[in-house]
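Please read through the structure below; I'll follow up with questions.
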Amino acid sequence: MSIEQSYQLAKAQYEKWGIDVEAAFDKLKQVPISIHCWQGDDVSGFEVDQQELSGGIDVTGDYPGKATTPDELRKDIDQALKLIPGKHRINLHAIYAETDGEKVERDKLEPKHFQNWIDWAKKNELGLDFNPTLFSHPKAADGLTLSHPNPEIRDFWIRHCQASRKIAEHMGRELGSPTLTNVWIPDGYKDTPSDRLTPRKRLKESLDAIFSDEIDEHYNLDAVESKLFGIGSEAYVVGSHEFYLGYALKNNKLCLLDTGHYHPTEMVSNKISAMLLYSDKLALHVSRPVRWDSDHVVTFDDELKEIGLEIVRNNALDKVMIGLDFFDASINRIAAWTIGTRNMLKSLLYALLMPNEQLKKYQEEGNFTDRLAVLEEFKTYPIGAIWDYYCEQMNVPVGTDWLNDVRAYEEKELKNRK
């Protein structure tokens with residue numbers, strides 16, 4: 001049976017519930033996913049005095065062919081984008097600056113150090129997002145940055161974040177699409193602290209200083225990201241969820257939720273509707289924690305489906321800025337990007353093809369029997385046939401055909417890298 005024939009049969013099943021599949025396609029085409037560049041080089045970056053990973057971040061595996069130059073990384077991203085339907089965004093960290101071999105400290109970075117990324121994004125009609133890098137640096141060696149008791153160290157990181165916002169504003173202006181600038185820090189303590197309040201006061205003061213610079217929100221949007229714990233900060237993290245939620249609401253910033261930064265039984269999908277009541281927008285970093293914040297490649301699991309449902313059924317496709325954050329060096333890195341991003345898009349399509357209004361009606365009526373029956377029935381509806389047709393219409397490989405492209409690229413490009 002052809003893809004077209006399978007699609008028509010599947011489409012008819014959805015239409016019985018009044019679901020307009022073509023309208024779902026139109027909506028999905030408008031959703032950009034912010035794809036993280038750091039999957040391609042194992043979060044190494046391109047600083048002249050490249051540091052070992054720190055700040056609770058670890059990348060495991062030694063699959064050959066990781067990008068070691070900006071051009072290689074952009075080339076790899078280009079290849080992944082050929083396999084992913086839609087137009088998307090690329091998420092950069094400050095360590096991906098290009099300084100022509102000159103050592104430039106992070107608090108001295110300027111827009112010119114990212115001009116190659118901007119030119120490439122413009123050529124490929126991509127948006128850019130940005131993150132100051134507050135890890136893998138001598139001034140973060142003890143796991144403290146914006147909350148550090150040493151004011152000189154705090155001031156260094158404040159200047160870095162200020163420089164990052166200016167870089168992001170320039171990116172947004174150049175590309176005609178606002179850059180999301182996300183602040184995440186590793187600050188915390190390995191063992192139970194004797195004072196939780198003072199570090200949080202220092203963090204608040206540092207954030208106030210960072211955001212005191214006026215930046216045009218047409219070109220830059222600020223976000224803050226919490227974490228439950230990390231390697232070296234098992235007992236206490238300064239920037240907790242409660243801290244950043246309060247700070248974001250009080251200061252009109254976006255609160256960014258990373259799906260790996262909460263207790264293992266705590267679902268980010270459950271937070272989305274609650275937070276949208278008080279925030280016009282919020283941001284996501286979609287990852288897959290396995291027992292802890294381990295940043296596995298996103299799979300089409302129950303929580304990913306629920307995240308898609310919460311965004312779609314609450315009419316929040318234009319309110320939730322979806323980014324990805326995972327890294328796996330044990331498999332082909334381009335395959336990792338492709339699998340994770342396609343799954344994120346598939347979860348949104350899954351949600352767009354649900355009879356959401358009918359299910360809401362059942363709940364409001366107290367008809368929990370029919371609600372459960374329909375929810376279970378739709379778990380085995382033929383979304384695969386709909387997805388395949390969508391990919392074909394978007395001129396990207398169908399099914400696992402994209403693996404052939406990845407293998408060919410690996411033979412031609414990746415295996416020739418040192």
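So how do 294-303, 138-147 stack up, highest first, on mean other-Cβ count within 10 Å?
Going by the mean number of other Cβ atoms within 10 Å, highest first, we get 138-147, 294-303.
To continue, here is another question. What is the set of long-range amide H partners of ARG288 at a cut-off below 5 Å, with H atoms built 1.01 Å from backbone N?
Distant-sequence amide H within range of ARG288: ASP295, HIS296.
Tell me which residues come under 5 Å, amide H to amide H, from LEU221 once H is placed; ignore anything under 5 positions away on its chain.
Residues meeting the amide H criterion: THR179, LEU180, THR181.
As a test of the definition: which semi-axes, in Å, follow for the chain when you take the square root of five times each eigenvalue of its alpha carbon gyration tensor? Largest first, please.
Taking √(5λ) for each Cα gyration eigenvalue gives 36, 27, 19 Å.
Something else about it: Calculate the length of the line joining the C-alpha centroid of region 285-305 to that of region 229-243, in whole Å.
Taking the Cα centre of each part, region 285-305 and region 229-243 sit 19 Å apart.
Please work out the Cα center distance from region 134-176 to region 52-101, rounded to the nearest Å.
With region 134-176 and region 52-101 each reduced to a Cα centre, they are spaced 20 Å.
Let me ask something else. With +1 on each Lys and Arg Cβ and -1 on each Asp and Glu Cβ, and nothing else charged, work out how big the dipole of the chain is about its Cα centre, in Debye to the nearest 20.
260 debye
Highest first, please rank the peptides 17-29, 184-196 by the mean number of other Cβ atoms sitting within 10 Å of their residues.
Highest to lowest by the protection proxy: 184-196, 17-29.
Let me check against my output: what whole-number percent is the relative contact order of region 272-339, with C-alpha pairs under 8 Å and at least 6 apart?
It rounds to 41 percent for region 272-339.
So, one more: May I ask you to evaluate 6.51 cos²θ - 1.76 cosθ + 1.60, the Karplus curve with θ = phi - 60°, for each residue of region 91-105 and list the ³J(HN,Hα) values in order in whole Hz, giving x for glycine and proline?
Working through the residues one at a time gives 9, 10, 10, 4, 6, 9, 5, 10, 10, 6, x, 8, 6, 10, 5 Hz.
Could you go through region 364-379 in sequence order and give the Karplus-derived ³J(HN,Hα) for each residue, using 6.51 cos²θ - 1.76 cosθ + 1.60 with θ = phi - 60°, rounded to whole Hz, and x for Gly and Pro?
Values, residue by residue: 5, 7, x, 8, 6, 5, 5, 4, 5, 4, 5, 4, 5, 4, 6, 5 Hz.
Separate question: Once the convex hull of the C-alpha atoms of region 186-246 is built, how many Å³ does it hold per residue, rounded to a whole number?
It comes to 83 Å³ per residue, whole-number rounded.
Quick one: the Cα spread of region 308-355 along its three principal axes, in angstroms, biggest first?
38, 19, 11
Sticking with this structure for a sec: For SER212, SER164, what's the fewest-to-most ordering of other Cβ within 10 Å of each Cβ?
Fewest to most other Cβ atoms nearby, the residues stand as SER212, SER164.
For the chain, what's the relative contact order in percent, using C-alpha pairs closer than 8 Å and at least 6 residues apart?
It comes to 20 percent, rounded to a whole number.
In whole Å, what three semi-axes, largest first, describe the equivalent ellipsoid of region 22-99 built from its Cα gyration tensor (square root of 5 times each eigenvalue)?
Equivalent ellipsoid semi-axes, largest first: 29, 13, 13 Å.
Which trypsin sites (Lys or Arg not before Pro) in region 274-377 pass both tests, a DSSP loop state and at most 11 other beta-carbon atoms within 10 Å?
ARG291
Residues with beta-carbon under 9 Å from that of ARG288, excluding ARG288: net charge, scoring Lys, Arg +1 and Asp, Glu -1?
-3
Let me ask something additional. Hey, got the dipole for region 107-239? About the Cα centre, +1 on K and R Cβ, -1 on D and E Cβ, debye to the nearest 20?
220 debye
Show me 166-174, 53-61, 40-48, 398-406 ranked by packing, highest mean number of other Cβ atoms within 10 Å first.
Answer by packing, highest mean first, reads 166-174, 40-48, 53-61, 398-406.
Also: What are the GluC sites (Glu not before Pro) within region 311-418 that DSSP puts in a loop, where the Cβ has at most 16 other Cβ atoms within 10 Å?
Qualifying residues, ordered by number: GLU413.
Please go through region 192-284 and write out the GluC sites (Glu not before Pro) that DSSP classes as loop and that have at most 16 other C-beta atoms within 10 Å.
Passing sites in region 192-284 are GLU214, GLU217, GLU234, GLU266.
Long-range amide H contacts for GLY188: which residues qualify at under 5 Å (H placed 1.01 Å from N, peptide plane, sequence gap of 5 or more or a different chain)?
VAL238
Next question, about the same structure. If the cut-off is a Cα-Cα distance under 27 Å, which lysines reach LYS412, setting aside same-chain residues fewer than 8 apart in sequence?
LYS66, LYS75, LYS82, LYS87, LYS122, LYS123
Under 10 Å from the Cβ of GLY172, count the other residues' Cβ atoms, weight Lys and Arg +1, Asp and Glu -1, and hand me the total.
-4
Nearest 20 debye, what's the magnitude of the dipole of region 188-257 about its Cα centre given +1 on Lys and Arg Cβ and -1 on Asp and Glu Cβ?
380 debye
No lab work stands behind these numbers, since they all come straight from the coordinates. What you are looking at is a predicted structure, and each value in this text was computed from that prediction instead of being measured. Positions of Cβ are backbone-derived with ideal geometry, glycine not excepted, and every protein chain shown enters the neighbour counts.
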